[in-house]
Amino acid sequence: MDPRALDRFRTGQALQGPLLRELVGRHGAGAIRPAGSLVGPWRILELLGSGGMAHVYLAERADGEFEQRVALKLVCGNVELSHRLRHERQIVAGLRHPHIVSLVDGGDTVEGDLWFAMALVEGTSIDAHVRAHALDWRACLRLFDTVCAAVEYAHGRGLIHRDLKPGNILVDGGGHPRLLDFGIALAEQDADAADRVLTPGFASPEQLAGQEISTRSDIYQLGLVLRALLAAAPAATGAVRTDLERLLATATAAAPEQRYPAVTALREDLDAVLSRRPLAQDRATPRIRFARLLERQRHAAIVFALAAVVLVASLALAAWRLSQEHRQALAHAQRADGVARFLVDTLSQANPYAANGSNVSVLEAMDFAASKLDAELGDAPEVRRELRLRIGGVYLNLDEGRRCLDLFAGTAAAADLAQATPLWRARSLILNSECHLVLDQRALAWQQLDAAREALADQSGTEADALRAFILVDRGQLRSLDDRIEEANRLFEQALELARQSHATEQEYRATRMFAANLQTAGDDRHAVELLQRALGLARQVYGTTHRSALTTAGLLAVSLARLERWEEAEGTVRDALAAAESIQHRGAGADVVIAQLRDGYANVLWQQGRLTDCIEQAGQALAIYRRVAEPNSTQGFNPSWRVATCAYQLRDLAQSRVHAEAALGYAENGSPVGKINALRMLAAVAARSDDPAAAKAYLERADAALAVTEVTSPTVFSAMFLTHALLAAQTGDAATARTRLAEADRSIEHSGQNPAWLRQERESVAAMIDTGSPQR
Amino acid sequence: MSEATQDFARLLDACRRGDADASARLVRLVYGDLRRLARAQRGQVAAPATLNTTSLVHECYLRIAGSSVGSVASRHHFFNLASRVMRQVLCDYARQRLAEKRGGGQVRVTESVLDAEGHAEASDLVEIDNLLVGLEREHERAARVFECRYFAGLGEQETADVLGVSLRTAQREWNLARGWLAERLAG
């Protein structure tokens, strides 16, 4: 046959031409749904409007439970975003602000479309309102400031609007503005710039470029909104006009880092214009500024306030890093130190945003402090550098890696870095490395560590040694994450020695704990228990008994104790830790995650005792917590999913086992290669016992392929793989192969000296199957 | 067969009987996946097309059927259906596009290169779709293999799994279908 004839048709060719793109382009927001159609519990009444990827309908409750009409927005589905969206939708649903239109309900349709039911608001768009009422510039600024306050509130909860424009701000009959569409723009946003829906004229440069969006993108859009409002109002004149122009220029600077760092700063300048004070950038030249700092009580207070904010936060976080409430954080700080109390008092006087202390979150306080850093401390580089590190450290503790990196990204920060001492440089590079790690940018994290090492090259003394230990631990952690365990352990050993010499207790704890975790994974529980007991003592000494480090170390210890069949100690350890964790008042999501980890540890202890039903119960509870609080793409659900899959498999509840093994595989895609091998092997075993040898074979091949490219240290992984091969051969009646594989499994088990109960049970089951020559479940 | 798969199958049947609403609903069901395909394509992703499309079909299945249901058999059935759906959706659109051109609703002064390419592709697809009806009569299995590979981008092993034939057969029928179509395709 003419080979060209065959070349005319390629695999997937129909999906690769311009036709598919066109088809997709034409469909956009999709068909308009007729009146009477149902979306979730809502019945559509009429179309209110359409745009880009969405239609907005007037809708009412379909179940007649109660009478309620809403604006129902249907956004054409985007499967990739849906997890993030659900997460964001939850936050939006929790927003309660007089100037933000609340989200009533939300969900997705079978087609994958997302819907949002919002309170129905009467009103006109803000620019039309300004024109209709002929507002002057003062009234415009006040109205606009109210909008800013609403945006500030949402930013404080980690939400970015992404589509601020006059049309999304309605003003009601009483003159009150209300913000629409919070948390919805994300649904309409897309990873690809070409088909992303942007409001023409109101997109920030980084949105147009398809880059990552931050709160500063909203600040840009706020600037454009203000510009539009001022254009609709009679022009201001003289100095006010100049100041407004400069305020707008700062808000809408092309480079995000040149804009106002937070809405708070924008509002300060709005207030300055309204009360005819100079803008922040004019208030003083650095030299005069420093003199005034010493002269004037209020300004001195700001420096103290910065220090206080940071100190309060550090103390509070050290006491309990996961505490949710600022009130409690303050209380901790007050108890902890009289100096702190003094500074807290100063803080509440100096910081108008913390007037009543309790309604500013640690994050907001940090943003405030960060926004002040360069402007207020231009002439005090030592203090500024120290604070930069402290604030960055607090961000890191709050898992705000991006914010922390931003703190070190500006030109002022670069200048600090260039002029700082080698020790400071090393500390900031280590901090940056950890931020990259939080953001799962491992290569970047490694680079920063190398740079930190270089910075320390000529340094001696205990502080430099402590930092070297820090770097060694972090390098070990990165290697562990890549499953390069032997290399990691060598680094931990070096770190331990250095940490002990330089009395760096925190590093000693971290190295001990991570080293122990690796030993545990490799099955060396005797050694692991020794190290973990030491790590637990160190953690309590450094952080206190209810700190997450102490709690999770206890969880790990329990697991190893259980593997050594020291059941009572194991259960006691994990139960004590659980009780301690649950006794914490005002737990944040982070504390819930710790509880989930402990429950997972408890599940593990139960599993090893063969208490499978109890194990499923605990692991199920852990999983429920992760599903509630975990970040998108998080791999945390892997352990409990895999645990349930294993227990269900042992109970021969193959359906449940499959579901959870599939979930585990999903989690493993972003996580550990060994986890992926385990999940695939479990799926193969389930398929083999479900009389589906083809699927079993496919899974097993994938597991083999993954095994071939992964450094696996746990010998039971190999033993289990051999057993599953044997199982599949036995199920397909190939007794010869089955025997060979079984013998390999036996050798592996004998060689490793590790033969836990589940492995024994599976081995006996497979051996029986081969002996009787008949497949069985 | 799961409920969702049945729904899918019913829609496909209605579509083939010329039900325009069903066709629109079918597109809506796979729209998100189509969009991502289009995007991957525009991004000139280096990964082979089969990899992308197969994993997409998998995700489409999980989304529509739900992750908790479905034996392997019903999964294969779904992929089998999906390849027909892709053919239906693309060929329907190709016909619609050609009709618009002929009907001359609005006359465009300039025609971009892309537009011309789209036109050529649309004519090809319609012709292939028509020829496939003939191939279905003579060699039904070859026509099914062609659908799986050409319209759904499934690889040879997946195609074999989905249709329940051996790898060798899937390879042979793919060559047969291509040769058969090339002989008859104009141009």
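Worth a mention:
- A compact globular protein would have a Cα radius of gyration near 2.2 N^0.38 Å; the ratio found for segment A:414-516 is 1.02.
- With a Förster radius of 41 Å applied to the beta-carbon distance between residue A:274 and residue A:157, the computed FRET efficiency rounds to 0.95.
- To the nearest 10, the accessible area of residue A:737 is 50 Å² with a 1.4 Å probe.
- In Å, descending, principal axis extents of the Cα set of segment A:523-670: 46, 34, 26
- Sequence ranges A:516-522, A:658-664, ranked by mean other-Cβ count within 10 angstrom, highest first: A:658-664, A:516-522
- For segment A:715-777, convex hull of alpha carbons as volume per residue, Å³: 62 Å³
- Along each principal axis, Cα extent of segment A:460-603, largest first, Å: 44, 34, 24
- Measure of compaction for segment A:555-627 (Cα Rg per 2.2 N^0.38 Å): 1.05
- Residues residue A:624 and residue A:772, FRET efficiency given R0 of 45 Å [Cβ-Cβ distance, rounded to 0.05]: 0.65
- Length added when fully stretched, residue A:10-residue A:457, from 0.36 nm per residue minus Cα-Cα: 155.2 nm
- Note on segment A:672-777: Rg/Rh from Cα positions, Kirkwood definition for Rh, rounded to two decimals, is 0.94.
- Residue-averaged beta-carbon neighbours from other chains (10 angstrom radius) around B:144-154: 3
- The convex hull defined by the C-alpha atoms of segment A:124-282 has an orientation-averaged projected area of 9.0 nm².
- Each 10 Å bin, from zero up to the one with the longest distance, holds this percent of the alpha carbon pairs of segment A:382-471: 18, 52, 28, 1.
- Between residue A:258 and residue A:66, the simple spin-label model (points 7 angstrom out along Cα→Cβ) gives 5.1 nm.
- A Förster distance of 35 Å, applied to the separation of the beta-carbon atoms of residue A:691 and residue A:743, puts the FRET efficiency at 0.90.
The values are calculated or read from the model by the stated rules, or taken from the named source; none is laboratory data. As the structure is a computational prediction, the values presented were derived from the model and not from experiment. When we count neighbours, we look across all protein chains shown, and the Cβ atoms used for this are built from the backbone with ideal geometry, even at glycine. The area values use the complete protein model at the heavy-atom level, side chains included, leaving out ligands, DNA and RNA. Shrake-Rupley method; radii C 1.70, N 1.55, O 1.52, S 1.80 Å.
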